[in-house]
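Report on one structure; see the data block that follows.
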Amino acid sequence: MSSNLQEINADRRAQLAGQSGIPGLFKNPRLLRLALITTLGALCYGYEQGAYSQVLVMDAFTSDPRFARIANDASYKGWSVSTLALGGWIGALSNGYFCDVLSRRWTLFLGSIICLLGTGLTTGARNAAMMFVGRFFIGWAVGGLSVAVPLYNSEISPPELRGTVVSIQQWAIVTGICISFWVGYGTNFISETNSASWRVCLALQGVPALALAFLSFTLPYTPRWLMGQGRAEEGLKVLAWLRNLPEDSEIVQLEFMEIQAQAIFEAETTAERFPKLVGGGVWTQFKLQVARFGELFTTIYMFRRTAVACLIQFFQQMSGIDAIVYYAPTIFQSLGLPGRTVSLLAAGVIGVVFVISTIPAIALIDRVGRRPLLIFGGVGMATMLILIAALTATYQPEWNKPAAAWATATFIWLYVAFFGMSWGPASWTVISEVFPLSTRAHGVALAGSANWMTNFIVSEIVPVQLKNITYGTYLFFLMFMLMGIAYTIWILPETFGKSLEEMDLAFGAAGEGHRDMQRMERILASLQNGGDEKKLSRSVDIKDSPKMEA
C-alpha cells in the first residue's frame, strides 16, 4: 500500500494552514505566550554561558587567592568552564526519560529548580570546589532544559510555525548571553576587590529560573504527550485551544487524526518489539525507556535519523561558537585591546549581534527552509574564521596596529552574526523534528547530549589551544565548519513544511520504513472510517494497548 492517504491529508492540511513565520505567530497569541514562557529555560542557558566568561576576567575574581588557579591555569580554567557542559550532557540524557515519565511540562519545572540550586552555589562560592559543583548543577539544569524546551515547543506548534517557535529558543539563548555580557560589564565597576562584582553577575541567573518555576504551572500538557498517555479527549481539547479553533474544525480534526494515528502506531510497534515491557510498574517502565534509547540504533532508517540529529549538534559546536562565547573577553584581551573594560565592552557587542542576527532566522526558517540557512551561515562563518586566523597569524602577539586588532574584532562579530542567523536556531529545530513519537524525547535527548559532550570537549581544549597554537585554534574549527557544510549539502534532508507525523516521508520508505507506512495507512484508513483504533484510543491507555489487526 502506498502512502497516498498520508500525503492527501498532509496536502489538505497545508491548504488550510495559516500564515507562517513571525506574522503567523503573532496571530496566535496563545502559542506566542507559551513559547515565551518555555524559552525562559533557554534564557538561563545563555545567561550562564556569558556570565561566567565575564567573571573569568574580573579583577575581583582573578585576584582572589581562593580562585587563583581557575584564573591563571589554562587547563584548570578549561575544567571550570567545561563542568557546565558535563552537567549538561547528563541533564540532556536524563531528560529523555523525564520528558516521557513526568511530561514535558513538569520537566521544565524540575529544570528551573535545579538551576536555582546551582545558582545559589555559584553565587555563594567560597572556594573552587563550590564553583565546580554549582556549575555542574546549572549544567544539569540547562542541559535538560535544552531538550525539554524544543521538544515542548515543537509539539504544540502547527507545521507552518514550528520552525519559528522552536527558533525562539535560540533567540532566548542569545538574549541571555547579551544580558549577561552587559550585566558583567556593569558589575565590573562595583569594585576591583569586592566579590560583589562577580557574585551579583552570577546571582541574576536565578531571575529567569524563578520565573520559569512559577509560570510552569500555567503551561498545558502537549497534545502529543497526552495522546501517548491515552488521554485523547483531553489532547483534542488542548489542540483546539492551542489553535484557537473549535474542536470540530477541519484542520484541528486533521491534525488530531495524525497525532492519534501516530500514537496508535507507536503503541503497536512498542507492543511488538517489547512485549514484556508494556503495562508494567515503575522499574518496567524504566527498562522500557532504556530500550527506547536502543531503538535509535536498531534499524537503518532510525539510525539515519539519530545520525542526522547528532551530527548537526556536533557540527554546531565544532563550528567554534562556544569557544567565542565562553572565552570572548579573554580572546579580545589577546588582541591587544587596551584594558579589561574594553575587552568586556567588545564582548558585550557579541551579545547585541547575537540578538539582532537571530531575528532574520526566526523570520525565514519557515519560509526558505533549514538547509539554505545552514549552508549560507556555514559559508559565512568559514570565511570569517579564515580572516581571523590570517590576521592573528600576521600581527600576534604585539598587535602593534590597532586597526588590525579592531578588524579582527569585527570579523569575530560577523562570525557570530552568521551563526545567529543559521546554525544556532536551525540545528535545534531539526532535532526536534526528525524523530517519531515513541522515541522523540529520547532522540532529542541523545542529540542534545551530543551537543553538550562536544561543548565539554571544546570548552576544555580552547584555553590550551589559545595559549599554545593561537591562530591555529581558528583553523581547527574552520576544518570542522567545512565538514558541516558538506554534511548539510549531501546528508541532511530538508524537514521544512512537514508535520511531525510526516517525517517518515523525508527519510524514505524503503525496507522497514515502507512497512511502517503500510501500517500507518491502515490506521489512518480505520480512523477515517470510525474503526476500532478510534474507539480504543478514546477508551484505554494507548501506551498499554496490544497490537491491533486491521
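The values are calculated or read from the model by the stated rules, or taken from the named source; none is laboratory data. Treat the numbers as computed from the prediction; the structure is a model and nothing was measured. Here the Cβ is made from the backbone with ideal geometry for all residues, glycine too, and neighbour counts use every protein chain on show. All accessible areas refer to the heavy atoms of the entire protein, side chains included, with ligands and DNA or RNA removed. Shrake-Rupley method; radii C 1.70, N 1.55, O 1.52, S 1.80 Å.
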For the stretch 125-251, projected area of the alpha-carbon convex hull averaged over all directions, nm²: 10.2 nm²
Furthest towards positive pole of dipole, Gly78, Thr39, Thr62, structure part the stretch 15-104, Cβ charges: Thr39
Isotropically averaged projected area of the chain, using the convex hull of Cα atoms (one quarter of hull area), nm²: 23.4 nm²
Tail beyond 15 Å, pair distance distribution of the stretch 5-114 (Cα, percent): 77 percent
When the stretch 24-176 is reduced to its Cα atoms, the Kirkwood hydrodynamic radius in Å: 16.2 Å
Rounded to whole Å, sorted largest first: equivalent-ellipsoid semi-axes of the stretch 276-375, Cα gyration tensor: 42, 20, 14
In degrees, nearest ten, helix 402-420 long axis to first principal axis of the chain (Cα): 10 degrees
Mean-position separation - Cα centroids, the stretch 54-99 and the stretch 322-375, in angstrom: 20 Å
Using alpha-carbon coordinates, inclination of helix 159-187 to the longest axis of the chain, degrees: 20 degrees
Magnitude of the charge dipole, the stretch 300-429, Cβ model with Lys/Arg +1 and Asp/Glu -1, debye to 20: 340 debye
Distance between the stretch 464-494 and the stretch 285-301 - C-alpha centres, whole angstrom: 31 Å
Which listed pairs, of Lys276/Lys498; Lys287/Lys498; Lys401/Lys467, have C-alpha distances above 24 Å, in listed order: Lys276/Lys498; Lys287/Lys498
Rounded accessible area of Trp406 (nearest 10 Å², 1.4 Å probe): 110 Å²
The stretch 21-102 - charge dipole about Cα centre, Lys and Arg +1 at Cβ, Asp and Glu -1, debye rounded to 20: 340 debye
Nearest-10 value in Å² for the accessible area of Val464, using the 1.4 Å probe: 60 Å²
For the chain, size of Cβ-based charge dipole, Lys and Arg +1, Asp and Glu -1, in debye: 780 debye
